[in-house]
Structure formats: C-alpha cells, structure tokens
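Right, one structure below, let's go through it.
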Amino acid sequence: MSAIIETMRQRLALLSPEHLDIEDDSASHAGHAGAKSGGHYNVLIVSACFSGKSRIERQRMVYDALGDLMQQGIHALALKTLTPDDL
C-alpha cells in the first residue's frame, strides 16, 4: 500500500468508517496535465456519521478529514459516501 493511501486511511478513520475502499487510479491518467501535482483516487466510504447529511455535506466532511492532502498528494478524488442504511 502506498504512503499516500495509508495517510488517507488514517485521516478518514476520524469519520469512523464501517467500510473504506481507496483505489489508486493514477496510472489511468498518466500524461494528464495535473497528474504531476498528485494522484487520482476513487474512495468508497460507509459511515453512520453521514446520516442526515446531503451529498455535498458528506463530501466536505471527507475533504476536511483529508486536509492538506487535497493540495498536495491528491489531484483528483472521486467520492462515493454512504451510510449503512444506503447499502
């Protein structure tokens, strides 16, 4: 597992995920102009703390948890944020 994915896992632990998948999709974007500033990641996170929150609020919670990784280390982030009831 890459260091960036491990750091993402540690920071997203603040959201008490019941399920967390992080996929590095950077290889699919090689040569893309922004690829040099960070990787491309797909995240599926299931957490009860998303209950009652809109999609935008859930995404903000993830961005806040990741903090400075959004400016250095992550160029693109595709998010799927669910509650256990959404499954």
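May I ask you to evaluate 6.51 cos²θ - 1.76 cosθ + 1.60, the Karplus curve with θ = phi - 60°, for each residue of the stretch 59-73 and list the ³J(HN,Hα) values in order in whole Hz, giving x for glycine and proline?
After applying 6.51 cos²θ - 1.76 cosθ + 1.60, I find 5, 4, 4, 5, 4, 4, 5, 7, x, 5, 4, 5, 9, 9, x Hz.
Keeping all protein chains in place, calculate the accessible area per residue for the chain (probe 1.4 angstrom), answer in Å². Let's see the in-between values first.
On the way: 5130 Å² over 87 residues.
Averaged over the residues of the chain, the accessible area is 59 Å².
How much length is gained on full extension from residue 6 to residue 18, taking 0.36 nm per residue of separation minus their Cα-Cα distance?
Values: separation 12, 0.36 × 12 = 4.32 nm, distance 1.67 nm.
Computed gain between residue 6 and residue 18 is 2.6 nm.
Accessible area of the stretch 34-87 with a 1.4 Å probe: how many percent of it is carbon plus sulfur? Before the final figure, lay out each step's value.
On the way: 1440 of 2920 Å².
Exposed carbon and sulfur together represent 49 percent of the surface.
Any chance you could list P(r) for the chain, counting all Cα-Cα pairs in 10 angstrom bins from zero, rounded to whole %?
In whole percents, the pair-distance histogram is 17, 52, 26, 5.
The values are calculated or read from the model by the stated rules, or taken from the named source; none is laboratory data. It should be emphasised that the depicted structure is a prediction, and the values quoted were computed from it without experimental measurement. Surface areas here come from the heavy atoms of the whole protein model, side chains and all, with no ligands, DNA or RNA. Shrake-Rupley method; radii C 1.70, N 1.55, O 1.52, S 1.80 Å.
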